[in-house]
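This report refers to the structure that appears directly beneath it.
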Amino acid sequence: MTQPLLSIDDLHKSYGSEEVLEGVGLEMDKGDVTVLIGPSGSGKSTLLRCVNRLTEINSGRIALDGQDVTGADTDVNELRKQVGMVFQDFNLFAHLTALENVTLGPKKVLGMDGADAEEAGRTHLEQVGLLEQADSYPAELSGGQKQRVGIARALAMDPELLLFDEPTSALDPELVGEVVEVMRDLAAEGITMLVVSHEMDFARSAASDIVFLDDGEIVEHGPPEQLFQNPTADRTEQFLSRLHAHEETA
Amino acid sequence: MAAILLQTADWLFVVDNLGLLLGGAAVTIALTAASILLGFAVGFPAGAVEVYGSDRARRLVEQVGVALRGTPLLVIIMILYFGLSISSSAFVTAVIALGLRSAAYQSQIFRGALQSVDDGQLEAARAVAMSRFEAIRHVVVPQALRRSVPGFQNEFTIVLKDTSIAIVIGIGELLTTGQNLYEGGQSTAALEIFLVVSLVYFVLTFATNRSLDRLSNYYAVPEGTT
């Protein structure tokens, strides 16, 4: 039996007296694309941020390749070399060009030689269709381009798992497509992705699993066709119909 | 008016002693450079401690800063020179006084600049596995330094002009040189001397501000959302 790449067990997280995650469990195998959906405030982003420890958990266990990564003795920087992240607000390094954004981690963290990092960086920019923008600064790029640089920056670290925190939520509707397309390509290449998103196009076409999170717990978990066509829980059904109604009007 | 001033005044005396005045200007430049450097060397880390330091370190730095900013420079110089006699060299004492006072102000320039960089920048740097120190050093500081330039220009100008206070401990800087020429009884050309002195201060502040503008433009990056 192969070990899951990511295994989350009985995860609890509170902010003060407010419990955001109430015993969440989740497993992902290599190559899985898991999409987390759920109402705002349901704990999706918190769950994601616990995986690379941008947020510290209260109790539970997160293991990557079978190794517990939640302990005080875990080297968070070693963990983050394995787990890349793409942010809702892009957070590109404002003072660096697109190429420099992509190469900073490999140079400073992985100790790559400048020329090697640049060559690899150009490959990653090409992968997201932005080779021509290599020398542009973030402020000179559109939202969709920024997010694609954000994806290239995460890919450049060659992580085992990529986290996406609502990668298209800050984009104008007409720019969502280009980012979804890149994400779909990555999924097709077998990159393991844990994605918080309500982008139904992506969820239907690229996800291997959908997880519906509500009030800090996983309500339902299954392959997209099952969860979207035949949700078993009332809460899932209600959420999906609201989402659907929203898509119709959008 | 200007014509009368030029005809009647004792400009020749100033021209004859221009070498002395420029010598004083050189001391002013040396005082300024040393004080600004000391101010940066102490003020930048102090500003960083105020943003990123532990509670205890932050409180300590804040309190020292408040004391330094709340004391007139003239008093600081007199305490250090006559009160504590920290150095037999008036120059060294003046540099320490000007430098520490400047550090207290520069720390606030850099504190504000560091705080103005969006938290997402630090978070994104941590997410590509940089340590907190590396993230601050490679991502936050370069952006903060760019934003510090206008405040730093002000501080530079203030320090340059305030070097004139070193006259009270007898340093032969620009103002002292001018004062000596006038008080030596060799001339009554007070207005001429002090006009030239202020012109030299102006040229120095103007030139350094322009140089910092150029530096800032050279390193400028397009602004906007990231």
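The values are calculated or read from the model by the stated rules, or taken from the named source; none is laboratory data. The model shown is predicted, which means the values in this text are computed figures rather than measured ones. Cβ atoms come from the backbone with ideal geometry, glycine included; neighbour counts cover every protein chain shown.
Quick notes on this structure:
- Screening A:83, A:33 for residues that are within 13 Å of chain B (Cβ to nearest Cβ), within 26 Å of residue A:200 (Cα to Cα) and of a type in the set (Val, Ile, Thr) leaves exactly one candidate, A:83.
- Residue tally, condition assigned to a loop (DSSP other than H, G, I, E, B) and among the charged types (D, E, K, R), over the stretch A:81-122: 2
- Any hit, the stretch A:130-145, residues being crowded, with 18+ Cβ neighbours inside 10 Å, farther than 27 Å from residue B:219 by Cβ and not small (Gly, Ala, Ser): no
- Counted residues, the stretch A:185-210 - those being part of a helix (DSSP H, G or I) and acidic (Asp, Glu): 2
- Residue A:23 meets each of the listed conditions (1) touching a residue at least 60 places away in the same chain (Cβ under 8 Å); (2) at positive phi; (3) under 16 Å from the mean Cα position of the chain (by Cα) apart from (3).
- Taking the stretch A:179-188 as the range and being surrounded by 19 or more Cβ atoms within 10 Å (Cβ to Cβ) and in contact (Cβ under 8 Å) with a residue 24 or more places away in the chain as the test, the residues that pass are A:179, A:182, A:183, A:186, A:187.
- The stretch A:82-104 residues that are hydroxyl-bearing (Ser, Thr, Tyr), paired with ones that are assigned to a loop (DSSP other than H, G, I, E, B) (beta carbon under 9 Å, 6 or more apart): A:97/A:134; A:97/A:135; A:97/A:136; A:97/A:137; A:97/B:221; A:103/A:96; A:103/A:112; A:103/A:156
- Top-ranked residue of the stretch B:141-195 - restricted to ones that are modelled with pLDDT of 90 or more and among the aromatic types (Phe, Trp, Tyr), ranked as nearest to residue B:22 (Cα to Cα): B:194
- Listing of helices (runs of 4 or more DSSP H) fully contained in the stretch B:99-216 that carry 3 or more residues being surrounded by fewer than 20 Cβ atoms within 10 Å (Cβ to Cβ) and within 14 Å of chain A (Cβ to nearest Cβ): B:119-127, B:132-135, B:141-162
- Criterion: surrounded by fewer than 22 Cβ atoms within 10 Å (Cβ to Cβ), small (Gly, Ala, Ser) and more than 24 Å from residue A:29 (Cβ to Cβ) - qualifying residue of A:208, A:169: A:169
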